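Colleague: First the structure, then my questions, so here it is.
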Amino acid sequence: MNYATTSISIIAEYVGRAWRPHMRLEKAGSGPLFLPVHLKTRLDAIVNGMTVEHATDLPVAVCRECDWVIQVPSRAPGESVHCPRCNHHIAPPAQSDRQRPLAWAMAALIMLALVFAFDFLSFSTRGVSHTMSFFDAARTMAGHDYPSLAVLLFCTTVGLPGAYLLAVVFLLWQASRHKAGAATRALARQLRPLEPWMMSDVFIVGVLVSLIKIVTLADVSIGLSFIAFCIYALLVLRTFMLIDWPALWADLAPMPALHTHLETGRTGASQNLVVCRGCDMPFPNDRGKCPRCGGRHIAHAIDRIQLTWALLITAVILYIPANIYPIMSTTSLGSTDPQTIVGGVLHLAHTGSWPIALVIFVASVVVPISKIVALAWLCLTATYRWHHNSRTQMRLYRVTEKIGRWSMIDVFVVAVLVALVRAGALMAIEPGPAALCFAAVVIITMIAALTFDTRQLWDETFEMNTR
Ligand SMILES: [Zn+2]
Ligand SMILES: [Zn+2]
Ligand SMILES: [Zn+2]
């Protein structure tokens with residue numbers, strides 16, 4: 001009888017553990033690799049006889065988007081922390097196992113290697129066929145006097161994500177050893193600003209659009225490399241989602257003591273406090289560098305709106321040649337047909353590919369123009385302090401920041417078509433100067449969005465019930 005109850009309770013415990021895998025972490029024997037810092041502190045507290053409350057003193061964070069000072073509760077697995085004022089995610093859902101992104105990053109790197117091992121796409125028309133590898137997309141652009149576009153294509157789709165994934169693997173390994181030198185911390189603070197520049201998902205849409213564009217003219221087929229690329233892009237997105245930066249930073253380098261009293265429910269600026277852009281550590285404004293990662297902070301005093309305006313005006317000027325010059329020209333049996341961005345959209349609409357015409361129109365016309373208008377509006381809002389609707393303004397900024405990279409679709413379409421459609425005199429596609437101008441517009445508006453300081457959209461007060 002006693003034996004039966006014991007075995008039932010053991011089985012129940014195992015089922016319970018399988019059901020809630022994070023419970024395993026609280027066992028002392030689970031090894032240093034998988035024991036997160038806050039649980040380790042709690043364990044140390046129990047071992048050393050301190051009270052749990054004392055050991056897990058709630059840390060204070062400053063929201064990097066609206067400058068509000070809040071207390072960060074310790075998260076159970078799956079729980080995330082959001083800023084009460086602007087809803088910025090201070091901390092993503094906590095992972096029961098902090099080494100989890102490691103597996104995803106490694107899988108993504110393996111898929112990336114496979115991208116280069118096979119053919120990407122192949123094309124044939126009237127007996128002439130041509131096969132391209134992924135590398136050809138960048139190489140052909142360089143061969144057509146657009147080396148900058150080749151570099152852009154290579155960096156945004158595989159170069160930066162590859163470097164990012166390698167760095168993530170390295171950082172997680174360092175985090176498991178709980179020691180990180182100055183160089184490791186300098187590397188860690190560089191990674192998050194890279195995230196908007198990784199466009200492998202945008203490239204996939206670009207490839208699909210270009211396939212639909214030429215499917216009526218020639219036979220195209222998808223190679224193993226393209227499938228590997230799609231899996232790679234998904235794995236990269238999954239890795240982004242799983243990395244818990246606050247926890248990773250806590251493992252790499254715990255926050256040094258501040259020796260200043262922080263009041264929550266006020267702005268950081270009113271307490272002469274800034275938040276590090278690299279590691280999210282709050283520290284006094286008069287210190288030049290972040291005490292944890294060594295990154296230099298953007299002082300509140302510096303007015304960067306002028307810079308945002310300058311970039312927006314540059315983008316508007318460049319958008320004119322981007323629409324006047326052809327983005328690509330198709331040569332078929334001796335006749336050359338140059339196409340502008342809008343011309344391409346109209347051609348697609350005439351030939352009946354409405355959905356694709358709409359995709360290109362939204363990505364190349366609607367998104368850049370609305371992005372420039374929205375950022376200009378936000379600059380005015382910040383300058384004249386129209387703070388009556390900060391939440392909506394913040395939402396507008398976030399949408400602007402998120403959608404900007406999708407404008408790259410048309411540039412990627414040109415890159416893929418130029419590399420793929422190479423049937424000599426029968427049919428060939430050349431890139432046009434507008435491709436370069438348009439890529440510059442996309443990049444400059446992205447930089448403009450990044451230079452905009454969202455803290456300027458908020459004032460010193462906060463009413464809980466305004467939503
Ligand atoms: Zn906030
Ligand atoms: Zn956010
Ligand atoms: Zn820092």
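The values are calculated or read from the model by the stated rules, or taken from the named source; none is laboratory data. The structure presented is a predicted model; accordingly, all values stated were derived computationally and were not measured. So basically every Cβ, Gly included, is an ideal-geometry build from the backbone, and we count neighbours across all protein chains shown. SASA here: full protein model, heavy atoms, side chains in, ligands and nucleic acids out. Shrake-Rupley method; radii C 1.70, N 1.55, O 1.52, S 1.80 Å.
Colleague: Which residue, chosen from 419, 363, 435, occupies the Cα position most advanced towards the positive end of the dipole of the range 323-458, where the dipole is computed from +1 (Lys, Arg) and -1 (Asp, Glu) charges on Cβ about the Cα centre?
Modeller: My answer, from the dipole projection, is 363.
Colleague: Given the C-alpha centroids of the range 343-365 and the range 182-209, what is the distance between them in whole angstrom?
Modeller: Centre-to-centre (Cα) distance: 28 Å.
Colleague: With charges only on Cβ, +1 for K and R and -1 for D and E, what is the dipole size of the range 198-329 about its Cα centre, in debye, rounded to 20?
Modeller: Details: 9 positive and 8 negative charges, 54 e Å.
Charge dipole of the range 198-329: 260 debye, to the nearest 20.
Colleague: Here's a follow-up. Of the peptides 144-151, 271-278, 179-186, how do they stack up when ordered by the mean number of other Cβ atoms within 10 Å, highest first? Can you show the working numbers first?
Modeller: On the way: 144-151: 16.6, 271-278: 19.9, 179-186: 14.5.
Per-residue mean Cβ counts within 10 Å order the peptides as 271-278, 144-151, 179-186.
Colleague: May I pose another question? For residue 90, which sequence-distant residues (separation of 5 or more, or a different chain) have an amide H within less than 5 Å of its own amide H, given hydrogens modelled in the peptide plane?
Modeller: 81, 82, 83
Colleague: In sequence order, what are the phi-derived ³J(HN,Hα) couplings for the range 159-171 according to the Karplus relation 6.51 cos²θ - 1.76 cosθ + 1.60 with θ = phi - 60°, rounded to whole Hz, with x for glycine and proline?
Modeller: x, 5, x, x, 4, 4, 5, 4, 5, 5, 4, 4, 5
Colleague: Taking a ≥ b ≥ c as the square roots of the eigenvalues of the Cα gyration tensor of the range 123-215, is the shape rounded (a/c under 1.5), prolate (a/b larger than b/c) or oblate? Don't skip to the end; give the middle numbers.
Modeller: Numbers: a/c = 3.21, a/b = 2.73, b/c = 1.17.
Verdict is prolate for the range 123-215.
Colleague: Where does the Debye-calculated log10 I(q)/I(0) of the range 386-433 sit at q = 0.13 Å⁻¹, using only Cα point scatterers of equal weight, no solvent?
Modeller: -0.52
Colleague: I would also like to ask the following. Per residue of the range 316-331, in order, report the coupling 6.51 cos²θ - 1.76 cosθ + 1.60 (Karplus, θ = phi - 60°) as ³J(HN,Hα) in whole Hz, putting x for Gly and Pro.
Modeller: Computed from phi, the couplings for the range 316-331 are 4, 4, 6, 5, 5, x, 4, 9, 7, 7, x, 7, 7, 10, 9, 9 Hz.
Colleague: Mind listing the phi-derived Karplus ³J(HN,Hα) values for the range 303-309, rounded to whole Hz, using 6.51, -1.76 and 1.60 with θ = phi - 60°, and x for any glycine or proline?
Modeller: Per-residue couplings from phi come out as 8, 9, 5, 4, 5, 4, 4 Hz.
Colleague: When all protein chains stay in place, what accessible area (Å², nearest 10, 1.4 Å probe) is found for residue 410?
Modeller: Approximately 10 Å² for this residue.
Colleague: Distances longer than 17 Å among the Cα atoms of the range 373-412: what percent of all pairs is that?
Modeller: Numbers: 283 of 780 pairs.
Distances greater than 17 Å cover 36 percent of the Cα pairs.
Colleague: Moving on. Once every Cα of the range 235-375 carries one equal point scatterer and solvent is ignored, give the base-10 log of I(q)/I(0) from the Debye formula at q = 0.12 Å⁻¹, two decimals.
Modeller: Treating every Cα as an identical point scatterer, log10 I(q)/I(0) equals -0.80.
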